[in-house]
């Protein structure tokens, strides 16, 4: 569960070695309104760098899949359509797919996908 990126995520991402990996999901439970969460997206810069390094490392080991990272927002308040999610993980989206979903009422609603919003 990621409220904000931390050193623990860096350790976890650097330990991944599976060449069959296809998707990483971050469950993010913002503590305040979506507006605050979006304003603090640049704090994911460390994760962005780690994901780029992961793609490079796995590629050298024979990984042949496009890696997808999903940020699953839980308990958000505000109107997600008002925000520009293209700023989330900008370096990684050059190497993989970034999807942002809102997990509400047992169903995930796609708020943004770099596959469709390039």
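Compared with the direct C-alpha span, the chain from residue 104 to residue 60 gains 12.1 nm at full extension, assuming 0.36 nm per residue.
With the highest mean first, a sort of the peptides 53-64, 89-100, 14-25 on other beta-carbon atoms found within 10 angstrom per residue produces 89-100, 53-64, 14-25. The stretch between residue 21 and residue 94, if pulled fully straight at 0.36 nm per residue, gains 24.5 nm over its current Cα-Cα span.
No lab work stands behind these numbers, since they all come straight from the coordinates. Everything numeric in this text was worked out from a predicted model, so none of it was measured. Counting neighbours? That spans all protein chains shown, and the Cβs are built from the backbone with ideal geometry, glycine included.
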